[in-house]
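> The structure is given below, and queries will be raised subsequently.
Since every read-out is calculated from the coordinates, none of them should be taken as a lab result. Since the structure is predicted, the reported quantities are computational estimates derived from the model, not experimental observations. Cβ placement follows ideal geometry from the backbone for every residue including glycine, while neighbour counts extend to all protein chains displayed.
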Amino acid sequence: MDNDSTLELLARMALSHVEAGADMVAPSDMMDGRVAEIREYLDENAHENIPIMSYAAKYASSFYGPFREAAGSSPQFGDRKSYQMDPANSNEAIREVSLDVEEGADIIMVKPAIAYLDIISRIKEEFDLPVAAFNVSGEYAMVKAADKLGFFDGEKVMMECLLSIKRAGADIIITYFAKEAAKILGGGKLKS
């Protein structure tokens, strides 16, 4: 991977998204220096008020499997461990978040969410920025499969998972459960 030449392309893509109407950019590429490059490019093009949500703590996780399968985006060779974070290393997340905050990130993303509640909590405690958590496809699929097999009540487990993410410190939760959770939170009933 050519980190430095990728930065200019990321900045141009971010600007094109903003010019097309995006209210925020959220680079998920994990290139070093991307937040600073995007911030500078947006500012130079009169978009200094557009926030950047940085995927600062994006782990090399097996929980992405269902999405990668559905999107046909599984690596053709190797894996993504060269640029996604080691699940065993929590200190790396703090270092990466710190760098992105220094570069101008407005919101910090942790991905996946449920297996990394400790990371969400540490980031929330150590940084004065909103924390987003991405409840990814594998986390969603596990609940759906177990519910289908009758192992537990999927709606109740879904809400418990989302509550745990919020309790860990997430200000924003991105989830495949969004419509179901909104219905329940909006007055719908849990299955008895």
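> For region 1-51, what relative contact order do you get, as a whole percent, if you take Cα pairs closer than 8 Å and at least 6 residues apart?
Values: 42 pairs, mean separation 22.6, N = 51.
In percent, rounded to a whole number, it is 44.
> Given a Förster distance of 22 angstrom, what is the FRET efficiency for Met24 paired with Lys166, based on the Cβ-Cβ distance and rounded to 0.05?
Numbers: r = 20 Å, r/R0 = 0.92.
My answer for the efficiency is 0.60.
> Loop only per DSSP, at most 15 neighbouring Cβ atoms within 10 Å: give me the trypsin sites (Lys or Arg not before Pro) in region 81-167, ordered by residue number.
Lys81
> Here's a follow-up. Loop-only GluC sites (Glu not before Pro) in region 1-65, please: DSSP not H, G, I, E or B, and at most 15 other Cβ atoms within 10 Å.
Passing sites in region 1-65 are Glu48.
> What's the ranking of 174-186, 99-111 by average number of surrounding C-beta atoms within 10 Å, highest first?
Those peptides, ordered most packed to least, come out 99-111, 174-186.
> Also, I was wondering about something else. For region 149-159, take each phi angle, set θ = phi - 60°, evaluate the Karplus expression 6.51 cos²θ - 1.76 cosθ + 1.60, and give the result in whole Hz per residue in order, putting x for glycine and proline.
Rounded to whole hertz, the list is 7, x, 6, 7, 7, x, 5, 5, 5, 4, 5.
> Now a separate question. Using modelled amide H (1.01 Å from N, peptide plane; none on Pro or chain starts), what sits under 5 Å from the amide H of Tyr59, excluding residues fewer than 5 places away?
Met85, Lys111
> Kindly identify the chain as rounded, prolate or oblate by the Cα gyration tensor criterion: order the square roots of the eigenvalues as a ≥ b ≥ c, call it rounded if a/c is under 1.5, otherwise compare a/b with b/c, prolate if a/b is larger, else oblate.
Here the chain falls in the prolate category.
> Let me ask something additional. So what's the angle, to the nearest 10 degrees on a 0 to 90 scale, between helix 34-44 and the longest Cα principal axis of the chain?
So the inclination is approximately 60 degrees.
> What three numbers, in Å, describe the spread of the alpha carbons of region 1-51 along their principal axes, ordered from the longest?
29, 18, 14
> Local charge sum around Arg12 (other residues, Cβ-Cβ under 11 Å, Lys/Arg +1, Asp/Glu -1)?
-3
> Considering Cα pairs under 8 angstrom that are at least six residues apart, work out the relative contact order of region 55-185 and quote it in whole percent.
Averaging sequence separation for qualifying contacts and normalising by length gives 27 percent for region 55-185.
> Given 0.36 nm per residue, what is the gain on full extension from Ala178 to Ala145 after removing their alpha carbon distance, in nm?
Additional length available on full extension: 10.1 nm.
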